[in-house]
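Participant: Have a look at the structure that comes next, please.
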Amino acid sequence: MKTKIITITAAILLLSGCATNKNLYEWGNYEETLFVYFHEPEVKDQMLTNYLTFIEKAQAGSAKKVAPGLFAEAGTFMLEKNDVESALRFYQLEHKTWPESRSMMEIMISNLEARKAQAAAQ
């Protein structure tokens with residue numbers, strides 16, 4: 001009987017712990033945006049605009065942090081559109097917000113700055 005109660009209690013604690021982490025970060029419509037971006041090119045630009053609007057709003061007024069990698073993803077989207085300035089800005093935000101991604105973002109930022117310098121020299 002005691003083993004059954006302990007097992008049930010442990011299961012409840014485990015499940016409730018998983019449920020509370022669900023709202024740790026602000027994700028917005030990230031999954032839907034990725035799907036549309038890669039599978040429905042006809043509405044790709046509108047989804048990108050919606051995603052960038054979400055990033056701006058979440059950064060400005062949300063109590064929760066924007067989820068790890070979302071700034072970098074936005075930077076990559078902008079880089080695909082050849083908007084190097086916006087890509088740099090988003091990579092710098094990722095670098096500033098998430099220490100775990102700093103080494104990768106430093107490489108991305110330095111590569112983009114080198115690209116800008118090379119373009120300016122030509």
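Read-outs throughout are calculated quantities, based only on the coordinates presented, and are distinct from any laboratory measurement. Just so it is clear, the model here is predicted, and its values are computed rather than measured. Glycine also receives a Cβ, built like all others from the backbone with ideal geometry; neighbour counts cover every protein chain displayed.
Participant: Toward the positive end of the charge dipole of region 26-121, about the Cα centre and with charges on Cβ (Lys, Arg +1; Asp, Glu -1), which of Phe38, Ile107, Gly28 goes farthest?
Facilitator: Ile107
Participant: Continuing with the same structure: My understanding is that a pair violates if its Cα-Cα distance is over 18 Å; which of Lys81/Lys116; Lys44/Lys81; Lys64/Lys96; Lys96/Lys116 do that in this structure?
Facilitator: Violating the 18 Å Cα-Cα cut-off are Lys96/Lys116.
Participant: Compute, for region 26-121, the length of the dipole vector about the Cα centre, with Cβ point charges of +1 (Lys, Arg) and -1 (Asp, Glu) only. Units Debye, rounded to 20.
Facilitator: Approximately 380 debye in magnitude.
Participant: Over its Cα atoms, what ratio of radius of gyration to 2.2 N^0.38 Å does region 26-121 give?
Facilitator: Taking N as the residue count of region 26-121, the ratio is 1.10.
Participant: Ok, one more. Under the definition of Cα pairs under 8 Å and six or more residues apart, what whole-number percent is the relative contact order of region 26-121?
Facilitator: Reported relative contact order: 19 percent.
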